[in-house]
Amino acid sequence: MQNTEFVYATFIRTTPEKLWAALTSGDSSVKYWMGFRIELEQKVGGTIHIYPPKGSTHTCGDHEGKVLECEPNRKLVYTWNQNDQPDVAAKRSGPSRVTYEITPMGEQVRFRLIHENLLPDDMEKNPNTHRGINNGWPAVISSLKSLLETGEAIAFPSNGGK
Amino acid sequence: MEKPKFVYATYIRTTPKKLWQALTDPAFTRQWWFGTYFKTDWKPGSPWELIYPDGTITDTGEILEATPPRRLVLKWRNEFRPELKAEGYSRCTIEIEKTRGSAKLTVIHAMEGKGTKFIAAVSDGWPKILSNIKSLLETGEPLAKQKL
């Protein structure tokens, strides 16, 4: 059953435009997304790639997916495709789906991430790693908030360890 | 059926000691928690109260574990809203870990009973509160002084 979902909200002192730019730009994502570079066609039906850092040991592939909804500065929905291990690939009937929701609130912005249509296997029980949807997103989003508020992202080890 | 639970992790560019202080010292807590603070001596077995700026006691409980600056476990019940108070006690675990470049703060808030309204309420509140702590510790200013 692919009905596992992960939701994460944070509040950032920034503008919807700056947050959107950081979320959709590869030059920004390499700073807060552990070296991963996003390339995105900002239109429905456009492709999205999330390229792992050069020379990394990641086997997750470039997450090639499709943009389902694109409302600049407000909402982005895309499909999330990663290279599964064979036993997980056998269970997966379709890609999972990521939604970014941006809501202006005066001098700050609420950013809500929804990752749905997941398998239980996509979640990681061990909290001491960045592997797993539930561990990866909080680290990436925390680093994004630091980048937007202080000019500096949080550097994490890129291979999932501490 | 698993009991209702809220889990949230955030990484803050600070030290575990500063983060512990932000959470437990009223002079700091008031800065990011909209003027609210914990009134307690933080000793295991002691009671605690969460006090609003106008003196209203909004939540109460007991300190179950306190290991500065790493771990805090609180028995927690809302006093302010009758439908939340009726759901009874929850258990709130706050863990602070030093990681490379930051401190990781994890909040796990779980009901002891089956009620879901309290967990829904804290699921809405914690991200705002924790975002405020992060902004205060990283930039010197919280996001908001007034409740959103």
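Only the coordinates and a few stated rules stand behind these numbers; no lab work does. Remember, predicted model here, so these are calculated numbers, not experimental data. A quick note on method: Cβ atoms are made from the backbone with ideal geometry, for glycine too, and the neighbour counts reach across all protein chains shown.
For the range B:5-137, go through all pairs of different Cα atoms, get the mean of 1/r, take its inverse, and jot down that Kirkwood value in Å. By the Kirkwood definition, the hydrodynamic radius is 14.9 Å. For the range B:59-148, taking the reciprocal of the average inverse distance between every pair of different Cα atoms yields a Kirkwood hydrodynamic radius of 14.4 Å. In a fully extended conformation the segment linking A:Ala155 and A:Arg74 would gain 26.4 nm over its present Cα-Cα distance, using 0.36 nm per residue. Loop-located GluC sites (Glu not before Pro) in the range B:68-123 (DSSP state not H, G, I, E or B) with no more than 15 neighbouring Cβ atoms inside 10 Å: B:Glu79, B:Glu112.
Straight-distance candidates among the lysines for linking to A:Lys66, with alpha-carbon spacing under 30 Å and chain neighbours fewer than 8 residues away dropped: A:Lys18, A:Lys31, A:Lys43, A:Lys54, A:Lys75, A:Lys91, A:Lys125, A:Lys145. Straight Cα distances below 15 angstrom link B:Lys5 to the aspartates and glutamates A:Glu5, B:Glu87, B:Glu112, B:Asp124, with same-chain residues fewer than 8 positions distant left out.
Per-residue ellipticity at 222 nm from helix content only, as computed over the protein assembly as shown with -39500 (n - 2.57) for each DSSP H run of at least four residues, stands at -8000 deg cm²/dmol.
Loop-located GluC sites (Glu not before Pro) across the range A:61-148 with a Cβ neighbour count of 13 or fewer within 10 Å are A:Glu107, with loop assigned by DSSP. The value given for the range B:43-96 is a Kirkwood hydrodynamic radius of 11.7 Å, derived from the mean inverse Cα-Cα separation. Projecting the Cα atoms of A:Tyr51, A:Gly132, A:Thr14 onto the dipole axis of the range A:4-150, where Lys and Arg carry +1 and Asp and Glu carry -1 at the beta carbon, places A:Thr14 farthest toward the positive end. Does the range A:73-162 come out rounded, prolate or oblate by the C-alpha gyration tensor, with a ≥ b ≥ c the root eigenvalues, rounded set by a/c under 1.5 and, if not, prolate when a/b is larger than b/c and oblate if not? Oblate, since a/c reaches 1.5 and b/c is not below a/b. Overall form of the range B:24-73: oblate. Here a/c, set by the Cα gyration tensor axes a ≥ b ≥ c, is 1.5 or more, and a/b is not larger than b/c. Calculated from the alpha-carbon coordinates, chain A shows an Rg and a Dmax of 15.1, 47 Å respectively.
If you run the Gaussian network model on chain A, springs between alpha carbon atoms under 10 Å, then out of A:Ala90, A:Ala22, A:Ala139 the most flexible one is A:Ala90.
Residue separation of B:Ala27 and B:Thr15 scaled by 0.36 nm, minus their Cα-Cα distance, works out to 2.5 nm of gained length.
Would you be so kind as to identify which of B:Ile108, A:Ser28, B:Leu19 lies farthest towards the positive end of the dipole of the protein assembly as shown, taking Lys and Arg as +1 and Asp and Glu as -1 on Cβ and the Cα centre as origin? Working it through, the farthest residue towards the positive pole turns out to be B:Leu19. Normalised by residue count, the protein assembly as shown yields a Cα convex hull volume of 134 Å³ per residue. Modelled label positions at B:Thr58 and A:Asn128, each set 7 Å beyond Cα in the direction of Cβ, lie 3.5 nm from each other.
What FRET efficiency, computed as 1/(1 + (r/R0)^6) with R0 = 51 Å and r the Cβ-Cβ distance, is obtained for B:Thr67 and A:Lys91, rounded to the nearest 0.05?
Given R0 = 51 Å and the Cβ-Cβ separation, E is 0.80.
Straight-line reach from B:Lys43: which aspartates and glutamates have Cα under 13 Å away, leaving out those fewer than 8 places along the same chain? Result set, ordered by chain and number: B:Glu62, B:Glu65. Helix A:133-150 and the longest principal axis of the C-alpha atoms of chain A enclose an angle of approximately 20°. A straight line joining the Cα centroids of the range B:35-78 and the range B:90-148 runs 14 Å. Residues A:Asp122, A:Asp84, B:Asp124, ranked from the fewest to the most other C-beta atoms within 10 Å, line up as B:Asp124, A:Asp84, A:Asp122.
Rounded to the nearest 20 debye, the dipole magnitude of chain B is 400 debye, with +1 charges on Lys and Arg beta carbons, -1 on Asp and Glu beta carbons, and the Cα centre as origin.
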